[in-house]
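Colleague: Provided herewith is a single structure, encoded as structure tokens, for subsequent inquiry.
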Amino acid sequence: MYLDIGNALGGSPGLTEDTLDHLDERVGIAHERIEQGRADDEHGYAALNLPETVDTDEIRAAVEPFGTPEAVLTVGIGGSALGAATISAALSDQTDVEAHFLDNVDPEDTAELLDSLPLDDTVVNVVSRSGTTAETLSNFLVVREAMDDAGVDWTEQTFVTTGDDGNLRNLADKHDLPSLKVPEGVPGRFSALSTVGLACGALQGLDIEGVVAGAQTEMDSLSGSLYDSPAYAYGAVCYALAERGALTNAMMPYAESLEYFAEWFAQLWAESLGKEQVGQTPARALGATDQHSQLQLYRAGPRDKLVTLVRPREREDIDIPETDLEGLSYLGGSGLGELLDAEFEATEASLATEGRPNVRIEIDAVDAEGIGELLYAMEAATVMYGELAGLSTFTQPAVEWGKKAARGLLGGGDFEEADAVADKRTYT
Ligand code: PA5
């Protein structure tokens, strides 16, 4: 991954060369802490070891009985879906196996999806670290019934990734379903490079080894200096800009295949760093589409934003046909990709000329290695930001609160969080 932080300097809010030098000292200290956590396989830090610890042969062997299905339906939510969705979307050109994701519990959407799927040739990939998440288990029960109704033996077409215990593990054991284990010490949103994020890709026949190799390259570049480590530099620059008022980080990839990446990033950033009254709100944008909407705000609205521009250095192009239409002849002879790159550079310059901080991230291509690099780098950046801000990066108490409240409301246990919702209902 290539990083250019030049446009984070000198603007407003902005950093100076001196700030970077000072930050570099703090990065060195944080790096030591992270290395210790990795060496001890501490909760959360263990995720940064995944390029070395994940066993892609084991994943391939586990999904091998399913052969090549027509479709894979991943049932999971949050960290148990977004990593897989990001990899699938980035590498969709490598396969004919369709990938679908059922994360939300919107009945209309679910009904529509189930109606459209070839259920007799779909592998259901159920993923839940805890094995207790209401949305995931409810969706799975609905899918299971749909398969029953269609005369399909769901036990032959269901694959499970979960922890050592919990309802989902019990179900997998009871029906002898093929399964993988979520590795210890890897929180949901840091699990893209583990069994959680890679099983779907393996079922689709994607190059998951390449994804891990890309992550490994990024892992090898971690060092005690932000000047040598793009991932840490990104995390440190975001942290320092947030301290100076850039409280929103708009993640703006210039590739449709990276749209899910922005969504994955938003979860990682918000759930890891939104604590103790601090954090930087992730916004999702897509170039060039959002140049025609959000860019107005980013260039001329409050000076409280950082824009992160992401693009591949190489992409397949489509020629724009020559035309003699008045005023349009300048387009002929270029490519759509060329136009997209020009739009990228125009956005970057338009922000820079107004002193609006922005950062450029590039990968060689949206391929297995490229997406592996991006995923790993953003995880390492998140951990670095969390260390610099003194946060407990790997917890998610607010998310857990909501999960307990929902379960309690549906009669799934006695949770005080549910009482708060009941009180509110009475009040309104
Ligand atoms: O990052 C997290 O911890 C969450 O987003 C979880 O991944 C999400 O809530 C799903 O949890 P589970 O995998 O236990 O079903």
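Colleague: For LYS404, go through the lysines and keep the ones whose alpha-carbon is under 29 Å away, minus same-chain ones fewer than eight residues off.
Modeller: Filter leaves LYS174, LYS181, LYS275, LYS424.
Colleague: Suppose each label sits 7 Å from its Cα in the direction of the beta carbon; what would the THR16-THR353 distance come out to in nanometres?
Modeller: Using points 7 Å along Cα→Cβ, the separation is 2.7 nm.
Colleague: So for the stretch 281-427, taking the charge dipole from beta-carbon charges (+1 Lys/Arg, -1 Asp/Glu), which of ALA342, ALA368, GLN291 sits furthest toward the positive end?
Modeller: GLN291
Colleague: Still on this model: Take every Cα pair under 8 Å in the stretch 70-167 that's 6+ residues apart, average their separations, divide by the length, and report that relative contact order as a whole percent.
Modeller: Values: 135 pairs, mean separation 34.6, N = 98.
That works out to 35 percent.
Colleague: From Cα pairs below 8 angstrom and at least 6 apart in sequence, can you work out the relative contact order of the stretch 210-332, rounded to a whole percent?
Modeller: Working: 133 pairs, mean separation 31.3, N = 123.
After rounding, I find 25 percent.
Colleague: For the chain, give the magnitude of the charge dipole about the Cα centre (Cβ charges: +1 Lys/Arg, -1 Asp/Glu; no others), in debye to the nearest 20.
Modeller: That gives a dipole near 1740 debye.
Colleague: Further question: Taking Cα pairs under 8 Å and at least six residues apart, what relative contact order does the chain come out at, in percent?
Modeller: Once normalised by length, the contact order is 23 percent.
Colleague: Let me ask something else. Run lengths n ≥ 4 of DSSP H only: what is the helix-derived mean residue ellipticity at 222 nm for the chain, with -39500 (n - 2.57) per run over all residues, to the nearest 500? Each step should come with its number before you reach the end.
Modeller: Values: 16 runs with 201 residues, N = 428.
Calculated from helices alone, the mean residue ellipticity at 222 nm is -15000 deg cm²/dmol.
Colleague: Work out how much length ASP220 to HIS43 would gain on full extension: take 0.36 nm times their residue separation and subtract the Cα-Cα distance, in nm to one decimal. Write down the numbers at each step before the final one.
Modeller: Numbers: separation 177, 0.36 × 177 = 63.72 nm, distance 2.06 nm.
In short, 61.7 nm is gained.
Colleague: With the Cα gyration tensor of the stretch 334-383 giving a ≥ b ≥ c as the square roots of its eigenvalues, does the rule (a/c under 1.5 for rounded; else a/b larger than b/c for prolate; else oblate) give rounded, prolate or oblate? Walk me through the intermediate numbers first.
Modeller: Details: a/c = 5.24, a/b = 1.26, b/c = 4.16.
Oblate shape, in that a/c is at least 1.5 and b/c is the bigger or equal ratio.
Colleague: At what distance in angstrom do the alpha carbon centres of the stretch 32-109 and the stretch 247-266 lie from each other?
Modeller: That distance is 18 Å.
Colleague: Also: Dipole of the chain (Lys/Arg Cβ +1, Asp/Glu Cβ -1, origin at the Cα centre): which of GLY151, LEU328, VAL54 lies farthest to the positive side?
Modeller: VAL54
Colleague: Please report the net charge: other residues with Cβ closer than 10 Å to the Cβ of GLY205, K and R +1, D and E -1.
Modeller: Details: positive: ARG60; negative: ASP96, ASP207.
With Lys, Arg at +1 and Asp, Glu at -1, the net is -1.
Read the figures in this text as sums done on the coordinates, not as results from a lab. The shown structure was predicted, so the numbers you read here are calculated from the model rather than taken from an experiment. Every residue, glycine as well, gets a Cβ built from its backbone with ideal geometry; the counts of neighbours run over all protein chains shown.
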